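All of the numbers you see were taken from the coordinates with simple rules; none came from a lab. This structure is a prediction, so every number in the text was calculated from the model and none was measured. Note that each Cβ is placed from the backbone with ideal geometry, even for glycine, and that neighbours are counted across all protein chains shown.
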Amino acid sequence: MPIKTAPVALITGASSGIGLAAANLFVERGWRVAATMRNTTDGAALAEHEQVVVLPLDVTDTASVERAVAATLEHFGRIDAVINNAGYGLFGPFETATDEQVRRQFATNVDGTFSVIRAVLPSMRKQGSGTIVNVASLGGLMTLPFFSLYHATKFAVVGFTESLSFELAPLGIRAKFVAPGVVATDFSGRSLARTFSDGEHAYGGTLPKVMSAMDMRRGNYSSAESIAEIIFTAATDGSDQVMYLAGQDAEQIFVLRQTLSEAQRLEMVRQHSGL
């Protein structure tokens with residue numbers, strides 16, 4: 001289709017990982033893309049595409065969100081899909097998390113998603129169509145030790161999205177979430193913050209076991225590109241499906257969650273986590 005009439009996707013956190021893979025895939029499939037990120041210098045390669053505009057957007061700053069959405073509408077004239085991908089993980093004991101760490105985790109993973117959706121809904125209502133895809137996590141459907149705050153945000157996104165899907169459907173707008181398993185991105189690097197420092201603390205007997213179990217599982221990850229494919233499907237299949245599991249591990253673990261008793265499930269997590 002001609003570029004000027006192609007559908008438009010606004011993607012948050014598009015500088016790396018899943019967001020970057022999604023931006024490249026949407027472009028490849030003929031979409032126009034507003035690739036948003038905190039530091040636009042990270043989007044130099046994306047900006048080389050004729051159908052891409054790279055925009056600054058900090059999901060924790062409502063004014064920044066509103067400017068990016070307004071700039072997208074000014075540049076492209078519409079927004080057909082929003083991919084709420086920006087986020088990060090927080091790992092460690094809840095007790096050792098500072099108030100600032102708690103606020104930042106929710107401000108980014110939850111409040112940021114809310115802000116983007118509030119900003120795009122007026123234009124989607126006006127055009128009578130649109131799809132919102134929130135990148136949640138398998139961690140919004142099940143839990144692991146020492147990710148309590150991260151899980152809290154992703155469970156929030158899952159519940160929010162499902163409820164939102166009911167209220168937006170009569171307006172011609174779909175709300176969906178994608179739940180990836182473990183992905184080969186920088187989640188365990190710059191995108192994973194810790195609530196603790198090295199040294200002695202009350203959780204010294206269990207935390208090293210969980211960290212060791214995490215290290216042993218490294219390598220068997222889904223690619224960011226494969227998750228982007230699921231995101232694209234969610235954005236374009238025109239169905240009323242709300243949940244999209246992404247990755248073989250996500251599919252397998254979700255089946256186990258549905259079939260095991262609570263006692264069996266909790267024991268599985270303990271063994272999986274080295275406890």
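Within region 12-39, being buried (at least 16 other Cβ atoms within 10 Å of the Cβ), outside any helix (DSSP H, G or I) and not small (G, A, S) holds for T12, W31, R32, V33, T36, M37, R38. Filtered by the rule that a residue be assigned to a loop (DSSP other than H, G, I, E, B), polar (S, T, N, Q) and either under 13 Å from the mean Cα position of the chain (by Cα) or within 19 Å of F196 (Cβ to Cβ) (or both), region 118-146 gives S137, T143. Checking region 110-117 against the condition returns no match, with no residue being more than 28 Å from L171 (Cα to Cα), of a type in the set (A, V, I, L, M) and under 18 Å from the mean Cα position of the chain (by Cα).
Among the residues of region 115-134, just one is surrounded by fewer than 19 Cβ atoms within 10 Å (Cβ to Cβ) and farther than 12 Å from I79 by Cα, namely R118.
Of the helices (runs of 4 or more DSSP H) lying entirely inside region 217-273, the ones with 1 or more residues being more than 21 Å from the chain's Cα centre (by Cα) and of a type outside the set (S, T, N, Q) are found at 248-259, 262-272.
For the condition more than 30 Å from T131 (Cβ to Cβ), in contact with a helix residue (DSSP H, G or I) (Cβ under 7 Å, 6 or more places away or on another chain), without any contact (Cβ under 8 Å) to a residue 24 or more places away in the chain and not hydroxyl-bearing (S, T, Y), what is the one hit in L275, L260, L266?
L260
A9 meets the stated requirement of being in a strand (DSSP E or B), among the hydrophobic types (A, V, I, L, M, F, W, C) and under 16 Å from the mean Cα position of the chain (by Cα). Examine region 153-173 for a residue that is without any contact (Cβ under 8 Å) to a residue 60 or more places away in the chain, within 27 Å of E267 (Cα to Cα) and either surrounded by fewer than 16 Cβ atoms within 10 Å (Cβ to Cβ) or of a type outside the set (A, V, I, L, M, F, W, C) (or both), and state whether such a residue exists. The answer is yes; a qualifying residue exists.
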